[in-house]
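First the structure, in the form of structure tokens, and then the observations on it.
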Amino acid sequence: MIGRICGVLLCIIIALNQGQSQSPENLQLSKNMVIENVMLVEKAGLSPKKVNIVIHKGIIKEIITTTNYPPDAVVIKADSLYAYPAFIDAGSHTAYPKKEEEKQERASDPGNPGYDLAGVTPQHTVHDQLNLTDGSVDKMRKAGFAVSHVLPRGRMLSGQGSVVLLKADETIPYLKKDASMYGTFKSAQGRVFPSTVIGVMTKHRELFKQAEYAKRYENSYASSPLGMERPAYPEQIQALYPVLDKSQPFFFHAEKTLDVSRALTLNKDLKSKMILTEVKQIGPNIDRLKALGVPILISLDLPKTMEEEKDSTKVISDSEQKLIERKKAAIKEYQSLAMTLKSQSIPFGFSFLETKPGDLQKKVTILMENGMSKDDILKALTIDAATILGISNVTGTLERNKLANIILTDGEIFEKETTINYTIVEGKLYKHDVKKKKKMTGDKDAKVDLAGAWTATAKIPGQEQSVKLIFKKEDDEYSGVLVDDEGDEYQLKNVELQGNILSFELSFTQQGMTIDMSVSAQVETDDFEGTISVNDFGSFPFEGSRLSNPEK
Amino acid sequence: MKSIYIIWSLLICSISFLNGQEKGDVLIKNGTVITITNGVLENHDVYIKDGIIKNIAKDISAPKNVKIIDAKGKFVMAGIVDAHSHIGITTVNEATAPNTAQVWVGDAINPLDVSLYRALAGGVTVSHAMHGSANAIGGECETIKHRYGEIDPEMMRMKDAPRTIKFALGENPMRVHGEGSDIVPATRMGVEQVMRNSFAEAKKYKKAWSDFNSGKTKKPPMYDNRMETMVDILEGEIIIHCHSYRADEILMLMNVCKDYGVNKLVFQHVNEGFKVAPELAAWGAGASVFSDWWAYKFEVYYSTAYNAAILTKNGVLTSINSDSQELIRHLYHEAAKSQKYGDLTDEEALKLITINPAKQLGIDDRVGSIEKGKEGDIVIFNNHPLSIYAIPEYTIVDGVVRFDINEDPTDMRVDIDPEGSIPTYMHTETEDHDRCMQGVSESHNHQH
Amino acid sequence: MNKLHIYISCVLLILCFSDIQAQMVGKGSYGKFLLTNAEIHTVTNGVINGSVLIDNGKIVSIGDVSNSGDATVIDCSGKRIYPGFIDSGTTLGLNEIGAVSLTRDANEIGDFTPQMQALTAVNPNSVLIPVTRVNGVTTVLTTPTGGLFPGTATLIDLWGYTPNQMSTGFQALMVNYPNTGKRGRWDRRSEEDIKKDAEKAIKKLNEYWEKAVSYSKIYATAGDDMDYNPELEAIRPAINKKMKVVINCNSKADILSAIKWIKKNDIDAVLAGVREGYMIADSIAASGIPVITGPILDMPSRASEAYDSAYKNAGVMQKAGVLVAIQTRENENVRNLLYNAGFAAAYGMGTEGAVEAITINPAKIFGVDEMYGSIEEGKVANLFICDGDPFETKTTIEQVFIGGWKIPMESRHTLLYDEFLKRNPGLDEK
């Protein structure tokens, strides 16, 4: 790991790696691991019991109360910890970094732009795009997830999704490689067909119809090709065969009332095994959903309850108040959607296309405020999601012989004070920074000026490293660079100062590995104090003080 | 928190009379009944049972629980039918090709559109939600019933109404495709060829399938929704509703249709229809016109507000439409203008917005007049509907009162987006006309 | 003498021939007219049964008038006479064909163009004008549009061959008060951006105004020695209260803000548009500022507002004590002023109130009520004869007089009707 860059940044990485390698928990020294004296909740709804969990090659081998386990086992003392099934993300773009959309060339015949321009790419898979070292993976793991259903980014027929374990192995740890087809109402880019929802709907129908004929012809050709024209159907059409015969579920993005109604109407023609994804509002469709047995993935992007107007001097008329109440009621309806589906026994899970994993606890709180019990939520995030994805035979609960997808927490799950200390993904242990963060209270109204040069120090175990930071202010927007001790400059990203809370990010690639750092600190005129977090490696104290004022 | 629920449930109550039922019973007593097809009946009752007009007579008695509306001194008329509108749908134009026959605005029905309620408040019970006029051959349209209050798009459809499709001639397709994409059509000659090519291709497509179905060929042709629709037009299953203005292009389309054996044709706008009224009448084409719109673009500069009268008097099946979420609220007044511009009789004028548009949509056996056995779509006015002082007081769709001026809360939205914002002032001056070109160029939609 | 008269008529006819072709309508006639046996709706003095004598462009006498012999008598038995209707906000004469930009003269480039004069670009031969006036609309305020200070509006009669012949003399400075609402369905700006844009615009408005005030002060001493500054010079009369300022504002918040701005700057102002006036009718009334509202046939301003809020707006404000005039904001269909007023009448304003809103009220607002807005002796002879309630579509407007001219009751629309009702050749005849 000796690279071109020798500055402080590299030192940080080395330091971190050393730190990790010395940690026994993070080393797979043995094929066997034991989580000892843990309070196990085997599956949602059961009460905890004190056991030892024996894990062998990523599988839960035994759940025992004796200490009769293999001598070479790495033992994790978990006396004060709880073990829960790790969460399953039923739909997101985790591990599938966003690429900038290429500027498309103008289609010469906008009415027939070809498959790609039209957004018809069902043959695409997420396989070659998956990056399990992407920052999004660690964020999900930290939030308690061991499995993600990765949906491709794209348009009306984006492609096929995969269910993967959230760990970086030599090969991609698929649980289900071609798990799903992902469809949306998203129109084509630019002014080409289909540019509207009516174009998209008719195109879906046409493609499925084409696939139906194509498949039939291919079958008859396969049985007796003599004298028959070779089928030669495009891969886009062929890719739909598994959806047609319902061997591949069709995850369909439908957020609001109208989308849901339309998706259900569309599926009357497509006859796919449809699973509505990222749903926020179902309107009058509950009976239809029930009758059709269509599962729902609720978007966990739940809005906050509207706050009461604080400014008492502001006069709100009765009619305005009525409008506010209606908005509140609409929000309430979304917040209670899970509860509604539960009461109607409609299968549901959660999707995370628009939700930050770090917000999970906040969203869970909203669900609880609206009637969901902790068990309900855990169930939806584990076994129910596994059932919808068709992986409940291997994960979703912590039964014997299932995958060791476990989270270890320092208290009962979904309690505000509880943190997830470890996420175990197929036996691989990920330790999270458990140091309770010093709460940065911040002062929203504080007026500090960041502009100027600062010296900053990262306190990494074993060593301290100092760098120089230079911030500039233009039109109330900050920008900045980091200068290492060799004088090389690195541009900081997303520099923000809200009140007196400073945050910025920095990322660079080192020998194929993307290093993402983010800093959050509280600024007091000439000093700041906060943390720097680096990829999977955790957070470390980060302090600084002012060298110079901005040039006036 | 509790107070929210109370207010919310009150709110729900206040609009709940709209919800949850498709067909109803109602007895309208002692009104002046304008039947449209059978004269005006003074002091008559109209009884609607299970959504159907059961009886029209004096002194009808109905079962106890039936809702009774006292229409003494009021005017009871068949619900207004608008043969050209764009309300109740979220998409108007798929403006990407000169022929987009494969799209269908019925896929974009929007029962949440508060314009539907506003149309009801203007007595309109049925409207023809059309594709826009960006393409020479646009998409299929949807005839909808204004069952506002229902949130399921399926509830808005007028089930079993004949299929219709939008065609468009002249400036709009020329501008969008010729000027916009540099492809045919840039001229009215080009528009004709788009029509002819499409029909010719459809004939071939049809043949290819019949060859396959009869076993003559083994490999199925590539399924093509655009051509499927075109074939259905050729087979007479779809009524063409064509956006048109100039006399020459109107004649052109009649010729093209004749050449391909298509005989279900209604012209929309058809501002210069009056110039070829004898030809329209002889061909049997309908005309659905504006009461007085003109001069908003060059092809309507040589127009006259007397269009409806000239067409009517020349025997053309004529209706007056709105093409606008504003105008649809007072089509009775738009019809009344045909008395100012051309002295039509009351009956002639009212037919323009009831039975005539119903005929143009192929639904005159179900709506458009007050007759026994027809659907219970009724509007009740305080004054004669052709008077400027006419105010619709009740609008009934399939026997269900969907608008009642005495129970008319200000905020009539039926569905609130949890992520949407609270309504604020929206300026409408620059766009209050029509939505025919909506979706083509968002900032430039003042085009009819 | 008689021969000479015919000769002159012929010459005039030939000279006017090109104009007749352009407008496709006939000539007007001028002189002395006695309209007898009429039901005269004077607006200011109730209904009088009797005659109206028109001479030299003016209403000379009303009521029991005896024919002195030389007046052309028009028997109005069973007919009504109304003063000509005034539309207080249009682009008539400036714009011809909506989609043909080079025929549109209402909107000059720039935010700050107060020196633009609507009267300059009024096309007396616009085909739209005859179409409008045969419906009894004799006078319109035609306004430049666009930007913060679009220019100067002009009140014109719809008869004449030059802008000067059409002009009533009244002019007003137009101001588009910054709109804090959405500009339309296609407006995708966030609420925050809308607010920011509006704040920016208000800042700009204030800057312009303050500049104009300073200019005006300096001008008072420096006079013509000032540098050429047509923009500020155009505002100067308004600063000195020698010109009215018509301020377009529509949302509740904008109207309230505009009223404050008017008071702060002590402006002789008229509010225009005032789409959400009904929400704050009392505040508007208390301000004493008159209102030009419309179109009445308009959509509710918010998805959550009542279907008839635009219909009722004018009536609500008038009931609250606001001096209200009605505008159509139309171009080719200014003729629908009658029906905009009619809907206001039906939805709470009453027929009388609505007639006032398109006759005497605008005349008062524009300060021309000495000459316009009612049938009174000495006023300009702008009036029409009709056979019933002019708001009813069944009513025929039989004859319109503008400035004492008996105008031809023809327009492109009537001429096309005459030509095509029974087309010749008809079907398949060559």
Let me confirm one metric for peptide B:218-230, namely the mean number of other chain beta-carbon atoms within 10 Å of its residues' beta-carbons. 5
Distance between Cα centroids, segment A:44-100 to segment B:266-317: provide it in whole Å. 77 Å
Once both labels are modelled 7 Å past Cα along the beta-carbon direction, what's the C:Asp266-C:Asp428 spacing in nm? 8.1 nm
Estimated [θ] at 222 nm from DSSP helical runs (n ≥ 4, -39500 (n - 2.57)) normalised by residues in chain C, nearest 500: -9500 deg cm²/dmol
Out of the total accessible area of segment B:114-367 (probe 1.4 Å, heavy atoms of protein only), what percent is carbon and sulfur? 49 percent
Got a sec to turn the phi values of segment A:443-455 into Karplus ³J(HN,Hα) couplings, 6.51 cos²θ - 1.76 cosθ + 1.60 with θ = phi - 60°, whole Hz, x for Gly and Pro? 9, 4, 8, 4, 10, 10, 10, 8, 3, x, 9, 10, 9
Among B:Leu361, B:Leu251, B:Leu352, determine the one that fluctuates most according to a GNM of chain B built with springs between C-alpha atoms less than 10 Å apart. B:Leu251
When the helices in chain B are scored as -39500 (n - 2.57) per DSSP H run of 4 or longer and the sum is shared across all residues, what 222 nm value do you end up with, to the nearest 500 deg cm²/dmol? -7000 deg cm²/dmol
Whole number in Å², please: accessible area per residue of chain B, 1.4 Å probe, ligands, DNA and RNA not counted. 31 Å²
Obtain the nm distance between the two label points defined at A:Asn112 and A:Asp72 by a simple spin-label model: each point lies 7 Å from its Cα along the Cα-to-C-beta direction. 6.5 nm
Restricting the count to DSSP beta bridges whose residues both fall in chain C, what percent are antiparallel, rounded to a multiple of 5? 55 percent
May I ask you to give the average projected area over all directions of the convex hull of the Cα atoms of the protein assembly as shown, in nm² rounded to one decimal? 66.3 nm²
Given H placed 1.01 Å from N in the peptide plane, which residues other than close sequence neighbours of B:Phe267 have an amide H under 5 Å from its amide H? B:Cys242, B:Gly286, B:Ala287, B:Ser288
Cα gyration tensor of chain C diagonalised, 5x eigenvalues square-rooted, in angstrom largest first, produces semi-axes 38, 25, 24
Spelling out what I want: for every residue of segment A:386-402, take phi, set θ = phi - 60°, compute 6.51 cos²θ - 1.76 cosθ + 1.60 (Karplus), and round to whole Hz; glycine and proline get x. 4, 5, 4, 7, x, 10, 6, 6, 10, 8, x, 9, 10, 8, 4, 6, 8
Across the residues of B:278-289, average count of Cβ atoms on other protein chains within 10 Å? 1
Sites C:Asp224 and C:Thr120 - FRET efficiency at Förster radius 30 Å, r taken between beta-carbons, to 0.05: 0.85
Have a look at C:Ile97, C:Ile54, C:Ile156 and tell me which one the Gaussian network model of chain C (Cα, springs below 10 Å) gives the largest fluctuation. C:Ile97
What are the residues whose amide H is under 5 Å from the amide H of A:Ile59, where those residues sit 5 or more places off or on another chain and H is modelled from the backbone? A:Ala404
Given 20 Å bins starting at zero, what is the percent of C-alpha pairs of chain A in each, up to the one with the largest pair distance? 19, 46, 32, 3, 0
Compute the long axis of helix C:191-222 from its Cα atoms, compare it with the longest principal axis of the Cα atoms of chain C, and write down the angle in degrees, 0 to 90, nearest 10. 80 degrees
Given backbone amide H placed at 1.01 Å from N, residues whose amide H is under 5 Å from that of A:Ser351, ignoring those fewer than 5 places away on the same chain, are A:Glu278, A:Ile298, A:Ser299, A:Leu300
Candidate residues A:Lys99, A:Lys328: accessible-area rank, largest first, probe 1.4 Å: A:Lys99, A:Lys328
Where labels lie 7 Å past Cα in the beta-carbon direction, separation of C:Glu410 and A:Asn131 in nm: 7.8 nm
Counting only other chains, and only Cβ atoms inside 10 Å, what mean value do you get across the residues of C:172-182? 1
Violations at 18 Å Cα threshold for listed pairs A:Lys342/A:Lys379; C:Lys379/C:Lys406; A:Lys304/A:Lys327; B:Lys64/B:Lys145 -> B:Lys64/B:Lys145
Per residue of segment B:310-325, what does 6.51 cos²θ - 1.76 cosθ + 1.60 with θ = phi - 60° give for ³J(HN,Hα)? Whole Hz please, x for Gly and Pro, Karplus curve as stated. 4, 4, 4, 6, 9, x, 8, 5, 10, 9, 10, 10, 9, 6, 7, 6
quick note, the protein assembly as shown, DSSP beta bridge pairs, % antiparallel (nearest 5) is 65 percent
Pop the C-beta distance of A:Ile316 and A:Asn494 into the FRET formula with R0 = 30 Å and round what comes out to the nearest 0.05. 0.25
Mind checking the angle between helix B:188-213 and chain B's longest principal axis? C-alpha axes, 0 to 90 degrees, to the nearest 10. 90 degrees
Specify the angular offset, from 0 to 90 degrees and rounded to the nearest 10, of the alpha carbon long axis of helix C:309-319 from the longest principal axis of the alpha carbons in chain C. 90 degrees
Computed [θ] at 222 nm, helices only, for chain A once each DSSP H run of length n ≥ 4 contributes -39500 (n - 2.57): -7000 deg cm²/dmol
How big is the antiparallel share of DSSP beta bridges in segment B:102-169, given as a percent to the nearest 5? 80 percent
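The values are calculated or read from the model by the stated rules, or taken from the named source; none is laboratory data. Keep in mind the model is a prediction, meaning the values are calculated, not measured. Positions of Cβ are generated from backbone atoms using ideal geometry, with glycine treated the same way; all protein chains shown enter the neighbour counts. Surface areas here come from the heavy atoms of the whole protein model, side chains and all, with no ligands, DNA or RNA. Shrake-Rupley method; radii C 1.70, N 1.55, O 1.52, S 1.80 Å.
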